[in-house]
1. Would you point out which residue out of Val109, Val171 is surrounded by 24 or more Cβ atoms within 10 Å (Cβ to Cβ) and either under 20 Å from Ser15 (Cα atoms) or away from the ligand (no atom under 16 Å from the Cβ) (or both)?
2. Anything in segment 70-102 that is among the hydroxyl-bearing types (Ser, Thr, Tyr) and in a helix (DSSP H, G or I)? List them, or say none.
3. Looking only at segment 287-299, which residues are touching a helix residue (DSSP H, G or I) at 6+ places or on another chain (Cβ under 7 Å) and surrounded by fewer than 22 Cβ atoms within 10 Å (Cβ to Cβ)?
4. Being near the ligand (Cβ under 10 Å from one of its atoms) and of a type outside the set (A, V, I, L, M) is the filter here, so list the residues in segment 212-243 that pass it.
5. Just checking, does segment 285-293 include any residue being assigned to a helix (DSSP H, G or I), within 16 Å of the ligand (Cβ to nearest atom) and more than 25 Å from Glu165 (Cβ to Cβ)?
6. Answer yes or no as to whether Thr133 is of a type outside the set (A, V, I, L, M), part of a helix (DSSP H, G or I), more than 18 Å from Val270 (Cβ to Cβ) and modelled with pLDDT of 95 or more.
7. Taking segment 164-190 as the region of interest, how many residues are closer than 27 Å to Lys309 by Cβ and outside any strand (DSSP E or B)?
8. Can you spot a residue in segment 305-312 that is assigned to a loop (DSSP other than H, G, I, E, B) and assigned by TED's automatic domain parsing to the domain that holds Val214?
Amino acid sequence: MGKKVTVVGAGFYGSTTAQRLAEYDIFDTVVLTDILEGKPAGLALDMNQSRPIEGFETKVVGATTGPNGEGYEAIEGSDVVVVTAGLPRKPGMSRMDLLEVNAKIVRQVAENIAKYAPNAVVIVVSNPVDEMTALAQLATQFPKNRVFGQAGVLDTARFTNSIAETLAVPVKSVKALTLGSHGDTMVPVPSRCTVDGKPLSDLLPADKIEELVVRTRNGGAEVVALLKTGSAYYAPSAAAARMAKAVVEDSGEVLPVCAWVDGEYGISGVYLGVEAQIGAEGIKKVVEDKLTDSEVAGLKEAAEAVRAKQADVATL
Ligand code: APR
């Protein structure tokens with residue numbers, strides 16, 4: 001059977017994700033939904049008209065949805081649903097400032113996903129993503145492996161790009177990693193960064209590496225400050241689309257994602273940015289690898305910070 005993916009939210013993040021997914025040409029259908037009348041249908045038509053030029057056959061379908069499930073029939077049978085619905089940041093805002101307003105949106109979306117696409121793998125990107133992922137799992141009541149969030153692929157890409165620019169090397173020679181939360185307690189992992197196989201610490205002094213770590217942690221805010229309206233979407237959509245592809249292709253690749261952690265690194269009972277093997281069932285397994293003591297301490301600090309907030313969302 002042909003594969004079907006839905007992207008909920010036809011704003012900047014959602015529409016660029018839908019476009020990337022369609023251009024992969026691995027799905028029968030990409031469904032794009034929003035509460036706005038006409039916008040998802042208009043974007044879908046526009047993307048379909050690019051098919052002869054870009055040379056893909058995937059059909060994009062736009063659907064307007066309502067709070068009580070109106071229009072949600074369009075998502076039936078989706079293998080993957082990417083949730084991008086929700087407000088983005090404005091300059092000066094932290095992702096956490098979006099907690100209450102986006103919790104209402106994500107809860108409602110998740111309840112409708114559970115009803116109309118009960119077998120889907122759900123990838124959450126709405127911010128604050130660690131909390132919205134936990135909420136989506138609660139509201140869908142899906143097994144925890146079938147709900148995970150996008151953060152680490154993006155943060156790692158930002159880290160990688162900065163390292164490549166600093167050393168004037170191709171991005172493909174850089175291997176980097178970020179774990180932890182998608183926020184202040186993000187844990188970029190310099191000990192796992194290499195350039196053409198050489199440890200980053202052989203190539204850059206510690207203070208320069210720390211500068212890159214700080215820039216990575218503030219990567220989203222740096223874009224928000226420049227854009228002034230809205231937040232980043234090109235790199236974020238590349239990350240989300242790549243994760244959805246790993247699911248439908250049952251690729252088994254290991255990616256840094258926001259996954260349910262159950263004992264790894266001595267941390268339990270929380271959604272947190274860790275490396276995980278991705279496949280048709282979502283998270284196949286969380287992969288624990290060697291970190292320095294201070295990186296593990298950073299991960300534990302991140303876990304406690306998001307644990308507190310994830311408890312709050314249960315009541316939102
Ligand atoms: N169902 C579907 N779509 C919704 C709903 C809902 N219940 N509520 C809001 N939306 C839609 C809005 O109508 C809007 O079109 O979500 C879209 C959000 O689009 P943008 O404002 O362009 O925001 P975007 O940049 O796409 O970011 C979306 O991703 O990175 C995160 O922090 C960001 O939480 C934000 C999300």
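The values are calculated or read from the model by the stated rules, or taken from the named source; none is laboratory data. Everything numeric here is computed off the predicted structure, so don't read it as measured data. Here the Cβ positions follow ideal geometry from the backbone for every residue, glycine too, while neighbour counts run over all protein chains shown.
1. On inspection, the qualifying residue turns out to be Val109.
2. Tyr72
3. Across segment 287-299, the qualifying residues are Glu288, Leu291, Thr292, Glu295, Val296.
4. Gly220, Thr229, Gly230, Ser231, Tyr233, Pro236, Ser237
5. no
6. Spelling it out, it is not the case that Thr133 is of a type outside the set (A, V, I, L, M), part of a helix (DSSP H, G or I), more than 18 Å from Val270 (Cβ to Cβ) and modelled with pLDDT of 95 or more.
7. Residues meeting the conditions: 9.
8. no
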